[in-house]
Amino acid sequence: MSALLSLSNLEMVFGGLRAVGGVSFEVPEKAIFGLIGPNGAGKTTVFNCVTGVYAPTGGTITFRGRPIGGLPAWKIADLGIARTFQNIRLFGQMSVIENVLVASHRVTKASLLDVIARTDRYAADDAAMRAKAMDLLAFFELDDNAGQLASSLPYGDQRRLEIARALMLDPRVLLLDEPAAGLNSAEAKVLEGQIRTLRDRFDLTVVLVEHNMQVVMGVCEEIHVMDRGETIAHGVPAAVQTDPKVLEAYLGAGHDAVTAPREATAEAPAEVLLSVMDLQVAYGGIQAVKGISLEVRRGELVALIGANGAGKTTTLKAIARMLPLKAGAVAFEGKNLGGVEAHSLVAMGIAMAPEGRAIFPNLTVRENLEMGAYTVDDRGAIAARMDEAVALFPRLGERMAQLGGTLSGGEQQMLAIARALMSGPKLLMLDEPSLGIAPVLVDQIFEAIDRIRRKGLTILLVEQNTRRALAAAQRAYVLVTGEVVLSGDAATLARDPRVQGAYLGEGVHID
Ligand SMILES: Nc1ncnc2c1ncn2[C@@H]1O[C@H](COP(=O)(O)OP(=O)(O)OP(=O)(O)O)[C@@H](O)[C@H]1O
Ligand SMILES: [Mg+2]
């Protein structure tokens, strides 16, 4: 097999930081090739260089024998390299099919004149593009959602929609940046199959950046491992998985060992901090949450688990008053939140680290953290929390002056969690804290969450990683299509065959 895409000594320096420091690899034609490494290793930067977002500061990139380093992004797209983004970039206010069609201007046969004059050629072309878009949507089982607003799709579906859009360009190479982020194990398994089928059906070469090891090891034929801009390993999955350097830097020593679920404790129940009564939320005509009731007691860690689209994020957003309630009520410390504005919640003691991070891209890391403490007057308390944030995530300490928008995906996630802690909340709501986080750091984040809880913080956690969530939580609620179907002690739920089976998708094992 000949190399379709090859990198030779690729280097990308930002100011004093060598984000990519001389990386070389060859991607064979029709391969499924993995690029993995810890947060901030330089993976997305490699994609940005290959797709022309950045002109590399050194080295060469060759595609089908032709040097492409430094070419403009549109030119590289025309040559046949398409990608998806780590942070979803959809037009939320456009429909699902329109989001796919926006990519078609590159491949349409109609000229500008045809378009303006709305000639037959334009009409035929338009129909062909729509048919092609529908075909791609059907492949990802999104055809029924074609007319819906993209922003109303659950996270996992938005990721699939991004892939469908990239395929509209008829690429030779598809670069996927964390397509499985936010998918549960059953959904990730489906994605694995789809990646293989795509490769065969469209004669594609796929380069995959992904932190979900089930997917990486399951689907990649060859894997390149980076850490801090350098190559640390390269080989077939079986070799990479057991490479001591990879274990140390990326997977973590006991990467499959999840702490055993804690046993139920017989402590006297604390007072109820948050109570949600018969909550209902609708997006347009679609009822996403159909009457959920739950409570979180002071000092507890409560997990909300369930498949994509079950209504977990919607529930958190409704509690945070980011979405209007159709019915029901939310009370915090006995006070009904009905008339309270979203921005007042932080002062009341509720903080949220939302899914997809939502940090301020044009503010520095320090400024983002300060924004999290805008309700706090005590400079001493702010400084102390800043120190705690840095102790929790040393990488943030190294990057205080860097703009939030230029952080790697995982670094942004660390910032979102740290920022939520800056207000010194009583209740912390975390939406998918492990999203986009390297395996070794997921351990650290869950340890950190446990430490924070022991100090008395109350946490409501939404997490796709069910094993982890149930191991960390005292109690949990299982959501299926907008309703609570099971709830109770987390250790008991972890052993419940219904949790392992039907509710989270077939084949999910929580052991
Ligand atoms: N424009 C930029 N200016 C300054 N630093 C940058 C810029 N872009 C990226 N970096 C830094 O370069 C390093 C590599 O970032 P990159 O986004 O490539 O990491 P990654 O391997 O994709 O990590 P993750 O798994 O967390 O997404 C990071 O530490 C990041 O903060
Ligand atoms: Mg990245």
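The values are calculated or read from the model by the stated rules, or taken from the named source; none is laboratory data. This structure is a prediction, so every number in the text was calculated from the model and none was measured. Glycine gets a Cβ as well: all are built from the backbone with ideal geometry, and neighbour counts include every protein chain shown. The protein model used for the area step is the full one, side chains on, heavy atoms only, and it has no ligands, DNA or RNA in it. Shrake-Rupley method; radii C 1.70, N 1.55, O 1.52, S 1.80 Å.
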- Item | the range 1-55, residues that are assigned to a strand (DSSP E or B), within 18 Å of residue 208 (Cβ to Cβ), free of Cβ contacts under 8 Å to residues at least 60 places away in the same chain and away from ligand 1 (no atom under 15 Å from the Cβ) | 3, 6, 26
- Message: It is to be established whether one or more residues within the range 342-358 are within 26 Å of residue 88 (Cα to Cα) and assigned to a helix (DSSP H, G or I).
- Response: yes
- Here the residues within the range 375-401 that are in contact (Cβ under 8 Å) with a residue 40 or more places away in the chain and exposed (fewer than 15 other Cβ atoms within 10 Å of the Cβ) are 381
- Task: State all residues of the range 218-244 that are on the phi > 0 side of the Ramachandran plot and small (Gly, Ala, Ser); if no residue qualifies, say none.
- Result: 229, 235
- Item | Members of the range 351-403 found to be closer than 21 Å to residue 182 by Cα and touching a Phe, Trp or Tyr at 6+ places or on another chain (Cβ under 8 Å), listed by number | 355, 356
- Can you spot a residue in the range 403-416 that is of a type in the set (Ser, Thr, Tyr) and at pLDDT below 90? no
- Message: Looking at (1) crowded, with 19+ Cβ neighbours inside 10 Å; (2) modelled with pLDDT of 95 or more, which one does residue 38 not meet, given that it meets all the others?
- Response: (2)
- Item | residue 50 being within 16 Å of ligand 2 (Cβ to nearest atom), assigned by TED's automatic domain parsing to the domain that holds residue 226 and crowded, with 21+ Cβ neighbours inside 10 Å | yes
- Message: Out of the residues in the range 86-109 meeting the condition of being open to solvent by less than 50 Å² (accessible area, probe 1.4 Å) and within 30 Å of residue 17 (Cβ to Cβ), tell me which one is farthest from the chain's Cα centre (by Cα).
- Response: 90
- Item | Residue list for the range 188-212, filter: under 21 Å from the mean Cα position of the chain (by Cα) and more than 16 Å from ligand 2 (Cβ to nearest atom) | 188, 189, 190, 191, 192, 193, 194, 195, 206
- Answer yes or no as to whether residue 178 is on the phi > 0 side of the Ramachandran plot and free of Cβ contacts under 8 Å to residues at least 60 places away in the same chain. no
